[in-house]
Every structure is written in C-alpha cells, then in structure tokens.
1. Quick check on Met475: is it away from ligand 2 (no atom under 16 Å from the Cβ), within 24 Å of Pro392 (Cα to Cα) and crowded, with 18+ Cβ neighbours inside 10 Å?
2. Do we find that Asp466 is within 15 Å of ligand 1 (Cβ to nearest atom) and under 30 Å from Ser291 (Cβ atoms) in this structure?
3. Restricting the range 414-452 to residues that are part of a loop (DSSP other than H, G, I, E, B) and farther than 30 Å from His128 by Cα, which is farthest from ligand 2 (Cβ to nearest atom)?
4. Only residues in the range 259-279 that are more than 23 Å from Pro198 (Cβ to Cβ) count as the first member; pair them with residues that are of a type in the set (Phe, Trp, Tyr) and crowded, with 24+ Cβ neighbours inside 10 Å, Cβ under 9 angstrom, at least 6 apart or cross-chain, and list the lot.
5. Which count do you get for residues in the range 328-359 that are in a loop (DSSP other than H, G, I, E, B) and in contact with a strand residue (DSSP E or B) (Cβ under 9 Å, 6 or more places away or on another chain)?
6. Go through the range 52-69 and count every residue that is touching a strand residue (DSSP E or B) at 6+ places or on another chain (Cβ under 8 Å), surrounded by fewer than 19 Cβ atoms within 10 Å (Cβ to Cβ) and not aliphatic (A, V, I, L, M).
Amino acid sequence: STAAMLAAPKVPLINPASLARFVDPLPIPPTMRAAGQRAHKAYPGQQLPYYRMEMRAFQAKLHRDVPATPLWGYAGSFPGPTLEAQRNEPLLVEWVNALPAQHFLPIDHNIHGAGKDTPPVRVVTHVHGARVPADGDGYPEDWYTPGHSKLYLYPNGQDAATLWYHDHAMGITRLNIYAGLAGAYIVRDAEEQKLGLPSGDYDIPLILCDRLLAQDGQLYYPVSDDPSAPWVMQCLGNLPLCNGKIFPFLEVEPRRYRFRLINVANTSFFDLSLSQDQAFQQIASDQGLLSKPLERVRIELYPAERADVLIDFSALAGKSVQLRHQSQGIVEFRVRSSATRDASVLPSALREVPRIDPASAARHRVMTLNEIDDANGNALMMLLDGKHWADPISENPRQNSLETWSFVNLTGDAHPIHLHLVRFQIVDRRPFDLFAWNAHRQLTFTGPAVAPEPHEMGWKDTVRADPGMVTRIAMRFEGEPGRYVWHCHFLEHEDNEMMRPYEVLPATS
Ligand code: C2O
Ligand code: CU
C-alpha cells in the first residue's frame with residue numbers, strides 16, 4: 001500500500017549493477033580523542049574526559065566511480081568517529097551544531113509536533129542503548145539550531161555493548177540520519193576484556209546502511225506524488241554502504257576477528273550471510289554479550305539492531321570471503337596468506353544472562369501499533385497505541401520497577417520497536433485474532449506463544465514486532481527518573497507519529 005505513494009525519481013539514479021565491486025578499501029572510523037578534561041556537578045572533585053563533536057557539512061566519495069556526495073557528519077565524517085567508553089567511567093560530549101542554515105534534503109511537509117515556524121536545520125544527539133540521565137538523552141524536542149551546542153554526560157554504568165549515536169531531532173531524524181549523522185559508541189568492561197576475544201585492530205565496527213544516489217553523486221531521498229499524503233513511509237536504498245563506502249573490501253589476516261554489525265539504515269533490514277558457507281559466531285546482540293557464542297549462517301538485522309560476530313579466517317588464507325545481504329556481496333574480505341599469531345579465543349561461555357520472570361512484573365501494559373490509511377489504503381501516519389506524540393503521557397513506570405510491555409501489531413508489517421534508557425528481554429511472540437480485536441478490542445490468542453530464538457535471548461533494546469503477533473518484552477526501569485521516548489526505528493515512521501514520550505517516576509519508598 002505504501003509503495004503507491006512513491007513518486008518516480010525526478011533524476012536518474014545510480015544503478016548498483018553499473019558499479020565495480022570491491023574497489024575501495026573499507027574505512028575504519030577512527031576512535032574519537034578527548035579534547036581535554038572538564039568537571040561536572042554529578043561527579044564532584046573529578047575531571048572527566050571531554051569530547052567535542054562538531055556536526056559539519058562535507059563531501060565524500062562513497063565509491064571510486066561515483067562523484068563526491070555532499071553529506072552531513074559528526075566531525076565531518078560519515079560514519080562519525082567511534083566513541084569508546086569503559087564501564088563506570090563517565091565522559092562528557094559537547095555536540096556542536098556547525099551545520100549550514102538550510103537543509104539539503106527535501107522537506108516537503110510541515111513536520112508534525114514541530115509547528116510552522118520550526119527551523120529546518122535542527123539537531124539533537126541520542127546515544128542509542130545508553131543508560132543516561134533524561135536531560136542528556138537527546139529528547140526529540142531538545143533540538144537546537146546551527147551555532148548552538150549541548151553538553152551531555154554519559155555515565156557508562158552498563159555492561160559492555162555496541163551502541164551507536166545518531167540524530168534524534170523532532171520530525172526530521174529521517175533526513176538528518178540519511179544525511180550522515182550517525183556513528184558507533186562502544187562500551188567495554190573488564191568482564192568482557194577477560195574473555196580473550198579479538199581486540200584492537202581485530203575488533204572492527206561494520207556500520208551498515210543503504211542510500212539512493214543521483215548520477216551526479218547527490219543523495220536522493222524519495223518524495224511522494226500524493227498531495228493528500230505528502231510523507232513517504234519508507235526509504236529503501238539500492239546501494240548498500242559499509243562504514244560509508246559502497247561495496248568496499250578489507251584485507252584481513254588468516255585469524256579470528258570481531259565485527260560489530262550495526263544497522264543504521266532508515267527502513268531497510270539486512271539479511272546477512274557469508275560466502276564459502278562460512279558461519280558467523282554471534283557473541284553479542286544489542287545490549288552486549290550473549291550467554292554463549294551461537295553459530296549462525298544468517299543474521300537478520302532490523303534498523304538499529306546490532307550483532308557482534310566472530311569470523312574465523314584462519315582456514316581461508318589467500319582466499320576471499322564476502323559478506324552478503326541476501327544474495328549480493330556487499331563487503332569483500334581478502335585473506336592474506338601470511339599468518340600472524342592469533343592469541344584470541346572462542347570462549348564456550350560469555351556472560352550469564354539471567355532470565356527475567358515476567359510473572360513478577362509490577363505492571364503489564366498492552367499497546368497497539370497502528371497504521372492510519374486514507375480511502376485508497378495509503379498510509380497517512382503510524383501511531384503507537386492510537387496516540388499522537390502530543391497526547392498526554394500514558395506510560396509512566398516507577399524507577400526500578402519491573403514491567404512487561406506487549407505490542408499488539410495491527411499493521412501489515414513488522415516494526416522495530418525501541419525503548420530509550422532500558423535494556424529488555426523478549427518474553428515471547430503470540431498470534432492473535434485481528435478481527436476480534438477490531439470488533440471488540442479483545443485480545444484473543446489464536447496459537448501458543450513462541451519463545452524467542454536463541455540469538456534473541458540476550459539483552460536487547462530494539463525488538464522486531466511482527467504483524468499478526470503480540471510481542472512481549474520485560475524490563476526493569478533502572479536509571480534516573482525523567483522523560484524518555486519509545487518509538488518505531490523505521491525513521492519514516494518515527495518522524496510520522498510512531499513515537500511517544502514515556503516518563504519514569506521516582507521510586508516510592
Ligand atoms: Cu536509535 Cu530513539 O533511537
Ligand atoms: Cu514502524
């Protein structure tokens with residue numbers, strides 16, 4: 001239904017089949033260096049590392065044979081430099097808006113929740129998966145315009161995990177991230193460091209997304225033809241990018257590597273596999289280590305999901321292996337023939353992940369995922385529990401309390417649902433009777449609950465809510481009281497009402 005709204009591109013686009021494969025080396029984003037030290041009132045008497053991250057317009061070659069592309073990026077790069085943190089070692093980041101006064105992507109609609117006079121260039125940064133105080137979480141309405149900045153505190157009081165930072169400004173996140181405002185944020189901890197996993201040069205983020213490009217190299221963002229529905233509900237690129245390059249290659253040694261796969265695409269999922277029938281060993285999901293490594297042949301990542309994998313190239317000296325999305329190679333690993341010593345190990349156990357008992361939850365919430373269509377079945381907006389962004393807050397868990405949230409998906413698509421602040425566990429997915437729901441708002445299950453697959457048994461912060469299913473998660477609201485958000489991580493949905501505030505209330509007694 002949504003495809004009907006997409007206008008044919010007004011300019012000729014680059015056809016992926018016309019591009020040479022694996023001609024550019026894979027860029028590895030540099031680790032961000034602190035600009036100095038600063039005090040913060042939350043840590044009296046301490047000096048914290050201070051980072052200054054400037055968002056700037058710049059141009060980059062996304063492929064050898066594509067003209068340079070105008071982009072926006074943190075520290076003038078796409079993806080931005082990697083922020084690295086150690087558990088319980090707080091740091092400060094000043095997020096500086098040094099962008100131009102005008103957006104370069106089409107804003108064809110008065111953006112919801114933002115009012116008519118809203119400046120087109122506004123940003124605010126959220127670290128996806130970080131447990132932070134509410135005033136440093138990048139609340140969508142905390143946006144600011146060029147020439148301004150915000151200083152955020154990251155306590156890093158959480159387990160080692162692959163997080164990522166990205167823009168979150170109200171109503172324009174889809175364009176800001178599409179422009180390039182995203183990067184990796186890695187939390188490490190001693191427990192993980194003891195395991196002997198590949199580290200240093202052998203621990204590499206692979207930041208995946210897709211784009212459409214005009215033949216002159218400009219980013220193309222799809223527009224709608226339908227005046228009654230000026231939004232596009234999806235942005236599916238045809239050019240896969242890894243660390244900001246199209247079809248790059250990486251020379252590797254015949255040994256074990258750790259790759260941190262992060263899907264930062266607007267709407268696309270990645271269905272990843274390796275050529276040569278190689279298996280991945282998945283060691284972590286969104287919020288860090290699984291209980292033990294899992295051998296996986298295919299890894300599906302919805303937007304914002306992460307998977308850390310080990311790939312062992314030791315038996316492949318002199319050969320090449322491709323990371324594929326569906327049947328298409330998107331990155332080529334070229335394995336050198338000379339071996340260096342590999343001291344890393346594949347541990348049999350990683351970290352305990354104690355199961356949350358959903359029956360012990362203080363509160364069980366049930367919320368719907370809704371698509372609002374016009375008479376022709378075109379999607380006009382997506383809602384959470386039938387509510388708009390501006391409606392009063394309805395989810396207000398108590399600090400440290402345990403809750404389950406059930407997402408009753410009334411739409412025809414899966415949606416990646418993300419909660420800020422917390423890590424959660426997937427309890428189950430259970431089919432329900434849509435007609436009974438529509439007729440009497442009654443939840444009638446039509447089959448048994450399906451337990452999450454082994455790779456979904458770790459800590460998560462983004463969950464795929466399948467159509468026709470009730471997807472149930474359980475979490476404890478650890479962290480500071482305040483206002484956070486939960487939303488669909490399809491950025492077009494997030495920007496089009498599929499996002500709600502929620503408020504953590506102070507613990508009683
Ligand atoms: Cu990845 Cu609300 O964010
Ligand atoms: Cu959605």
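1. Details: away from ligand 2 (no atom under 16 Å from the Cβ): yes; within 24 Å of Pro392 (Cα to Cα): yes; crowded, with 18+ Cβ neighbours inside 10 Å: yes.
Answer is yes for this residue.
2. On the way: within 15 Å of ligand 1 (Cβ to nearest atom): no; under 30 Å from Ser291 (Cβ atoms): yes.
When the stated conditions are applied, Asp466 does not pass them.
3. First, the residues of the range 414-452 that are part of a loop (DSSP other than H, G, I, E, B): 414, 420-423, 433, 441-444, 446-449, 451-452.
Subset that is farther than 30 Å from His128 by Cα: 433, 441-444, 446-448.
Working: Asp433: 22, Arg441: 21, Gln442: 24, Leu443: 20, Thr444: 24, Thr446: 23, Gly447: 24, Pro448: 26 Å.
So the residue we want is Pro448.
4. If the second residue must be of a type in the set (Phe, Trp, Tyr) and crowded, with 24+ Cβ neighbours inside 10 Å, the pairs left are Asn266/Tyr178; Asn266/Phe490; Thr267/Phe490.
5. Looking only at the range 328-359, we keep the residues that are in a loop (DSSP other than H, G, I, E, B), and these are 336-357.
Filter again for in contact with a strand residue (DSSP E or B) (Cβ under 9 Å, 6 or more places away or on another chain), leaving 336, 342, 344-353, 355-357.
Count: 15.
6. 7
Yes/no per residue for (1) in the same structural domain as Phe432 (by TED's automatic domain parsing); (2) within 16 Å of ligand 2 (Cβ to nearest atom); (3) among the aromatic types (Phe, Trp, Tyr); (4) assigned to a strand (DSSP E or B):
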| position | (1), (2), (3), (4) |
| --- | --- |
| Gly377 | yes, no, no, no |
| Met382 | yes, yes, no, yes |
| Trp389 | yes, yes, yes, no |
| Ile393 | yes, no, no, no |
| Gly412 | yes, yes, no, no |
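Table: residues versus (1) farther than 15 Å from Ala279 by Cβ; (2) crowded, with 18+ Cβ neighbours inside 10 Å.
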{"site": "Glu305", "(1), (2)": "yes, yes"}
{"site": "Val309", "(1), (2)": "no, yes"}
{"site": "Asp312", "(1), (2)": "no, yes"}
{"site": "Gly318", "(1), (2)": "yes, no"}
{"site": "Val321", "(1), (2)": "no, yes"}
{"site": "Ser327", "(1), (2)": "yes, no"}
{"site": "Arg341", "(1), (2)": "yes, no"}
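The values are calculated or read from the model by the stated rules, or taken from the named source; none is laboratory data. In this text, all values refer to a predicted model and were calculated from it rather than measured experimentally. Every residue, glycine as well, gets a Cβ built from its backbone with ideal geometry; the counts of neighbours run over all protein chains shown.
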